[in-house]
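Each remark here refers to the structure printed beneath this line.
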Amino acid sequence: MKNFSLPKEKNIYVGIDVGSSKICCSISTIDPIEGTLQLLGIGSSPSTGVKIGSITHRENLISEMEAAIKEAEMMADAKVSSAIVSISSEQIRGINTQGAIAIQKNQMNNVPIQHEITESDVQRVVDLAKGISLPIDRDILHVLPQEFMIDTMEKIKDPVGMSGHRLEAHVHLITVSTTAATNIANCAQELGITVDGLVFQGLASGTAVLDKDEKDHGVALVDFGEGTTDLSIYHDDGIRHASVLGIGSGSITNDIGVMLQVGMEEAESIKRTYGSAKASLSSPELEFDLPVKNGGIARRISEHELSRYVEARTEEILRLVKREIIRAGLIENLTYGVVLTGGGANLKNISGLAEEILEMPVRIGKPKGVQDTVGMASDPAFSAAVGLGIWCYQPDEMFSDYHAESPVKQTFKHIFRWFKDFF
Ligand SMILES: Nc1ncnc2c1ncn2[C@@H]1O[C@H](COP(=O)(O)OP(=O)(O)O)[C@@H](O)[C@H]1O
Ligand SMILES: [Mg+2]
């Protein structure tokens with residue numbers, strides 16, 4: 001096996017997506033002929049060490065990470081030595097902040113000459129915007145510039161070289177609990193893997209499934225996972241809101257288990273095979289057998305009856321998403337409505353129900369932007385894992401501020417380059 005000790009130099013990009021239902025490792029490379037990203041391998045292992053995005057059993061998580069990595073390594077015929085890792089937990093918070101600086105003026109023959117804005121001015125103003133006071137157990141995960149203002153001129157994407165008196169930066173900060181972030185990074189490090197950075201799972205998924213037009217004109221990306229539902233709202237080519245709901249598709253499984261008195265594995269299989277997010281679209285005539293327990297009597301239930309439970313819980317989650325979008329004050333900005341991704345987006349008829357509840361267009365987002373040579377990237381459940389690879393490949397598209405060794409390392413040089421690409 002090849003050993004890629006310097007992944008980026010060797011054009012190998014590794015992402016480890018830590019979910020509540022599965023740990024997933026993706027290995028990608030650049031196709032030397034096409035110049036595009038090519039997916040070489042995906043490995044996946046059931047996740048039993050993470051609940052609602054937080055670690056509950058560290059040893060399980062480490063061995064499941066190892067299994068996912070090994071599977072991806074086998075498929076890609078490569079050895080993983082460094083990676084970026086996703087994080088989705090209720091501890092994620094997004095906040096919009098601003099900062100402003102005066103631009104220095106030079107004098108020539110007593111005539112003031114307005115100073116041209118430099119990269120270092122941009123760094124200073126973004127520094128100011130991110131300089132909010134954070135609780136002791138909280139760190140900045142991402143600094144995502146939205147736009148600049150020079151005096152009264154708004155919506156400037158790249159202020160360098162322009163002149164004025166006052167430069168203002170509008171920035172979205174995503175913060176995370178230091179403990180949650182450090183513990184996730186430590187698990188990968190325990191396996192001898194260098195963690196190049198942590199990325200909010202909702203952003204990784206957005207990178208894999210959204211179009212530039214959607215990000216420009218407004219879209220809400222909903223990553224419907226097992227224990228969490230990540231929401232990232234884009235408008236004017238910037239992130240406007242990021243949050244995590246501590247409920248996901250696992251609650252539907254749980255309801256099925258409780259209502260039908262079956263084990264969780266059976267409930268999961270019933271949900272996938274017979275469940276529909278719209279009960280009206282499933283037939284009361286089509287019945288299926290329920291597993292018989294300990295010599296109990298045989299039972300049958302219709303798909304319609306099952307889907308009534310499925311619909312009720314799915315509707316509840318979608319209403320929570322809607323409330324969050326309204327709370328963020330962005331419901332009017334979503335020209336492209338909602339893109340649903342994550343494994344939960346595979347539920348039958350979920351886009352129909354979501355359109356009714358959210359009262360806007362809804363599409364299912366599958367990973368794209370990679371050559372899928374292994375034929376596995378068409379499942380929305382893999383959006384975040386594939387997105388992490390794209391994130392590594394285009395490190396300047398977004399700006400990650402969280403590094404495992406140095407939680408608040410200020411890598412400002414990335415900000416300006418990020419801006420150039422992002423707008
Ligand atoms: N075909 C399907 N129908 C209904 N639900 C599905 C289907 N495939 C996956 N899911 C659900 O998606 C959830 C897992 O989504 P995933 O994005 O992999 O979660 P996580 O990132 O939290 O590990 C599970 O609750 C699973 O039941
Ligand atoms: Mg996920």
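Quick note: the coordinates plus some simple rules give every number you see, no bench work behind them. If you're wondering where the values come from, they're calculated on a predicted model, not measured in any experiment. We place every Cβ from the backbone using ideal geometry, glycine too, and count neighbours over all the protein chains shown.
Helix 119-129 and the long axis of the chain differ in direction by around 60°, with both axes built from C-alpha atoms. Most fluctuating residue of Gly275, Gly389, Gly375 in a GNM of the chain with Cα springs under 10 Å: which is it? For the chain, modelled as a Gaussian network with Cα springs under 10 Å, the answer is Gly375. Peptide packing for 305-317, 39-51, 80-92 was compared via the average number of neighbouring C-beta atoms within 10 Å per residue; ordered from the highest value, the list is 80-92, 39-51, 305-317.
A simple spin-label model places pseudo-atoms 7 Å from Cα toward Cβ; at Asn294 and Thr335 they are separated by 6.0 nm. Sorted from longest to shortest, the spans of the Cα atoms of the range 250-315 along the three principal axes equal 34, 27, 16 Å. Put in order of Cβ neighbour count within 10 Å, fewest first, the listed residues His304, His165 become His165, His304.
Look at Asp139, Asp372, Asp289 and count the other Cβ atoms within 10 Å of each Cβ; fewest to most, that gives Asp289, Asp372, Asp139. Compared with the rule-of-thumb size 2.2 N^0.38 Å for a compact globular protein, the chain has a Cα radius of gyration ratio of 1.06. Calculated [222 nm] ellipticity per residue, helices only, for the chain: -10000 deg cm²/dmol; basis is -39500 (n - 2.57) per DSSP H run with n ≥ 4, divided by all residues, nearest 500.
Taking amide H as placed 1.01 Å from N in the peptide plane, the amide H of Ile103 sits under 5 Å from that of Arg166, Leu167, each at least 5 places away or on another chain. Other residues within the sphere of radius under 13 Å centred on the Cβ of Arg299, judged by their own Cβ, net out at -2 (K and R +1, D and E -1). For the chain, averaging the sequence separation of C-alpha pairs within contact (under 8 Å, six or more residues apart) and dividing by the residue count gives a relative contact order of 19 percent. Checking the cross-link pairs Lys79/Lys271; Lys51/Lys130; Lys271/Lys366; Lys322/Lys348; Lys348/Lys368 against a 25 Å limit on the alpha carbon distance flags Lys79/Lys271; Lys51/Lys130 as lying beyond it. Report the local net charge at Thr179: Lys and Arg +1, Asp and Glu -1, summed over other residues whose C-beta lies under 14 Å from its C-beta. My count for the surroundings of Thr179 gives -1.
Taking 7 Å steps out from each Cα toward its Cβ at Ser378 and Lys155 produces label points 3.9 nm apart.
Explain nothing, just the number: relative contact order of the range 250-315, from Cα pairs under 8 Å at least 6 residues apart, as a whole percent. So the answer I get is 37 percent.
Each residue of the range 270-280 was assigned a 3J(HN,Hα) from its phi angle through the Karplus curve 6.51 cos²θ - 1.76 cosθ + 1.60 (θ = phi - 60°); the sequence is 5, 4, 5, 7, 10, x, 9, 6, 10, 4, 5 Hz, with glycine and proline shown as x.
Remark on Gln371: its backbone amide H falls under 5 Å from those of Leu37, Gln38, Leu39, a criterion applied only to residues 5 or more positions apart or on other chains, H modelled at 1.01 Å from N.
Taking a Cβ cut-off of under 11 Å around Leu286, the surrounding Lys, Arg, Asp and Glu residues balance to a net charge of -3, with basic ones at +1 and acidic ones at -1. Summarising the amide proton neighbourhood of Met162: residues at separation of 5 or more, or on other chains, whose placed amide H is nearer than 5 Å comprise Ile117.
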